[in-house]
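To start, the structure itself, in structure tokens.
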Amino acid sequence: MADLQLTLAINDEFKPAAEFLGTQTVSRNPTHVTYTYNPTMDFAADGTAAGHAYWVYGVALREGGGEAPLGTIDVRSEGFGLGDAPVNATETGAGQWGSALAFACNQFGLECFVYMVAASYHQKPYRRVMMETWGGQVVPSPSDRTQAGKAILARDPDTSGSLGIAISEAVEDAATHPDTHYSLGSVLNHVLLHQTVIGLEAKQQLEQAGEGLPDVVLGSCGGGSNLAGLALPFVPDCGGANGGNGPRLVAVEPSACPTLTEGRFDYDFGDEAGMTPKILMYTLGHEFIPPPIHAGGLRYHGDAPIICNLVKNGWMEAVAYPQGKVFEAAMQFARSQGTIPAPETAHAIRGAIDEALAAKEAGEERVILFNYSGHGLLDLAAYDAFLHGQLVDV
Ligand SMILES: Cc1ncc(COP(=O)(O)O)c(C=O)c1O
């Protein structure tokens, strides 16, 4: 707004400015303002170099002689330089979404506040350091910053938390602070659709590799975003659409949080405290707190509506594995490929290995596509536990 007024004033375009602005008034009086410095707005000869943030109010237009009204614009600036930017509050499980948001906020001069599921906060401490490196603030969830967090802590001070609880805290934070907005990293359909670039690119990569459609497409499923990102572009080709002739789509989840394989299909809250709208999905109940498995990003009681509907209508299969078998697959992959997958990713790898073994058994060639959703370099404590026989198999 301020830029626009300045431009119109400099170009002597008071009349269109007056028409555009009308008699609007706004009652904002920020004590702090952040701004993006745009050198192209500088007109040094006119003494209008933008060397600081300014907030414009009290714009007055006075009628004068001649064709166009002559005007003066009274401008007052407040909050020079630094300011309090809007805050983004979010939840994070494994810490990938929290890291991504912390970095993005850092790029745009916004504050980022992350409620990180307590189990992951303690299992993956370097994720917190990543977020803090990008200027984010991180607390273990449940925390005593919110009513939702306090209620859980009162019931169970040693709780490992869950994604549902962390969502309640972030939503409450945003709902009770006007300068705070909530960002969700999975579960909702629009998040899934953003990620479909993964599947669209995978299609092109397969084509370049001289393959047609894959026989099976797999992804680990926490809220459903990486799986959907890879699988949704294959829906028009898949078995459900083609009477069993297209690629099979497979969701892989932990036995400790078997939403798609054992949950009920029902309307349920997306968060523990029941603050979100109800979503039609498979759910283990919004108060379900899964055991603290190392795949923290898969500890969610529900799943994205699109994924749940695909499963419900037979267009997608779902399979669940205990974490011991998942870590066996992770070790096999790490030793043969040289990269160490995240425990969440290792679910998809377990599924892919079992598909390959089934194909071998059947004497068939199968093109198996899975999503390598993240590395496990910040999960080495989990590998350590597995290597030294300390991993609890749930
Ligand atoms: C590496 C990794 N893979 C998968 C997931 C599961 O999330 P989603 O189901 O939204 O893809 C997570 C979540 O934190 C993750 O960190």
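Every number here is computed from the coordinates shown, using simple stated rules; none is lab data. Since we're looking at a predicted model, the values are computed, not measured. Backbone-built Cβ (ideal geometry, glycine too); neighbour counts: all protein chains shown.
Here are a few things to note about the model shown:
- For the stretch 176-223 and the stretch 350-380, distance of Cα centres in Å: 18
- Separation of alpha-carbon centers, the stretch 109-131 and the stretch 262-287, rounded to whole Å: 25
- Shape category assigned to the stretch 167-303 from the gyration tensor of Cα positions, a/c cut at 1.5: prolate
- Gyration tensor (alpha-carbon) shape descriptor, the stretch 190-387, a/c threshold 1.5: oblate
- Taking 0.36 nm per residue of separation and subtracting the Cα-Cα distance, full extension of the segment from H375 to Q390 would add 3.3 nm.
- Residues with amide H under 5 Å from that of F370, placed H, sequence gap 5 or more: L218
- Ignoring lysines fewer than eight residues from K203 along the same chain, the ones with Cα atoms less than 28 angstrom from its Cα are K312, K360.
- Gained length - L193 relative to A362, 0.36 nm times residue gap less alpha-carbon distance: 57.3 nm
- Shape category assigned to the stretch 87-185 from the gyration tensor of Cα positions, a/c cut at 1.5: oblate
- Cβ-based net charge around F234, under 14 Å, with every Lys or Arg adding one and every Asp or Glu removing one: -4
- Nearest-20 debye value, the stretch 190-387 charge dipole, Cβ charges on Lys, Arg, Asp, Glu: 20
- Summarising the amide proton neighbourhood of I279: residues at separation of 5 or more, or on other chains, whose placed amide H is nearer than 5 Å comprise D268, F269, G270.
- Phi to ³J(HN,Hα) by Karplus 6.51 cos²θ - 1.76 cosθ + 1.60 over the stretch 328-339, Hz, x for Gly, Pro: 4, 5, 4, 5, 4, 5, 4, 6, 8, 9, x, 10
- Each residue of the stretch 288-301 is assigned a 3J(HN,Hα), and the resulting list reads 5, 10, x, x, x, 5, 6, 7, x, x, 9, 8, 10, 6 Hz, derived from the Karplus form 6.51 cos²θ - 1.76 cosθ + 1.60 (θ = phi - 60°), x at Gly and Pro.
- Added length on full extension, which subtracts the Cα-Cα distance from 0.36 nm per residue, D156 to F265: 36.4 nm
- Distance (nanometres) between label positions extended 7 Å along Cα→Cβ at T180 and Y126: 3.0
- 3J(HN,Hα) couplings calculated from phi for the stretch 153-170 with the Karplus curve 6.51 cos²θ - 1.76 cosθ + 1.60 (θ = phi - 60°) are, in sequence order, 4, 5, 6, 8, x, 9, 4, 7, x, 7, 4, x, 5, 5, 5, 3, 5, 5 Hz; Gly and Pro show x.
- On the basis of the beta-carbon distance and an R0 of 25 Å, A104 and D144 show a calculated FRET efficiency of 0.35.
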